[in-house]
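Quick notes on the structure that follows.
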Amino acid sequence: MLRVLLLAVSVVAIARTELCKPDAQNAFKVRLSIKTALGDNAYAWDANEEYLFKAMVAFAMRKYSSKSTTQISNVLLCNVTDRVSFWFVVTDSSKDVTTVPGSEVEAAIRMNRNRINSAFLLSDKTLQFLKIASTLSPPVEPSTPVWLIVFGVVLSVIVAGIVFLVVAGIQQRKK
């Protein structure tokens, strides 16, 4: 019985290392620029930050698929470097040996990108998912409403036309 259990655990461990390759089909590379974003207030990337990242990806997957099956243990981080870049893979919770399709992970990340960015106090430029396109920033609201600007321009043109007609009329009377 013990041999069977050890064999099963080793098979799962070998399968996980196969999933956690940088060039794996459903793997995504992440780069963080904490020092660039926060300057002197930058925090160190450690095991706690990795746990938070895994939790945020699991949260995004749960929100996207509306299945409560994705756990933190289903998010695997691979090749974490000192300059804070790594690959991650999301495994299927029912079968620990297969990965969730990349299109689902991409859609989940895009849908919850602002929540992930705000959890780490970063932006799309400082928290980069290399295979996933950035989300569009919300449109900028001008301080002056657009209708007021258009109204001002139209009113200015009317006033300029009236002034021109008055001045032209005065000049014609003098002649």
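Scanning segment 46-67 for residues that are over 17 Å from the mean Cα position of the chain (by Cα) and under 17 Å from Pro101 (Cα atoms) yields Ser65, Ser66, Lys67.
Per the conditions (1) closer than 30 Å to Gly39 by Cβ; (2) free of Cβ contacts under 8 Å to residues at least 24 places away in the same chain; (3) open to solvent by less than 80 Å² (accessible area, probe 1.4 Å); (4) assigned to a loop (DSSP other than H, G, I, E, B), the sole criterion not satisfied by Ile132 is (2). Scanning segment 113-129 for residues being part of a loop (DSSP other than H, G, I, E, B) and of a type in the set (Ser, Thr, Tyr) gives a total of 2. Checked against (1) part of a helix (DSSP H, G or I); (2) within 30 Å of the chain's Cα centre (by Cα), Val89 passes all but a single condition, namely (1).
Please tell me if Leu38 is closer than 13 Å to Thr126 by Cβ, surrounded by fewer than 17 Cβ atoms within 10 Å (Cβ to Cβ) and not acidic (Asp, Glu). In short, yes. The set of residues in segment 54-68 being touching a Ser or Thr at 6+ places or on another chain (Cβ under 6 Å) and open to solvent by 70 Å² or more (accessible area, probe 1.4 Å) consists of Arg62 alone.
Kindly indicate whether Leu155 is part of a strand (DSSP E or B) and hydrophobic (A, V, I, L, M, F, W, C). In short, no. Within segment 71-98, being at pLDDT below 85, open to solvent by less than 50 Å² (accessible area, probe 1.4 Å) and under 22 Å from Leu32 (Cβ atoms) holds for one residue alone: Val84. Taking (1) under 20 Å from the mean Cα position of the chain (by Cα); (2) of a type outside the set (Ser, Thr, Tyr); (3) assigned to a loop (DSSP other than H, G, I, E, B) in turn, Asp82 satisfies each apart from (1).
Test Arg110 against the criterion of being assigned to a helix (DSSP H, G or I), open to solvent by 60 Å² or more (accessible area, probe 1.4 Å), in contact with a Ser or Thr (Cβ under 9 Å, 6 or more places away or on another chain) and under 18 Å from Ala27 (Cβ atoms), and give yes or no. Answer is yes for this residue.
The values are calculated or read from the model by the stated rules, or taken from the named source; none is laboratory data. In this text, all values refer to a predicted model and were calculated from it rather than measured experimentally. Ideal geometry is used to build each Cβ from the backbone, glycine not excepted, and the neighbour counts take in all protein chains shown. Calculation scope for accessible area: heavy atoms of the full protein, side chains included, ligands and nucleic acids excluded. Shrake-Rupley method; radii C 1.70, N 1.55, O 1.52, S 1.80 Å.
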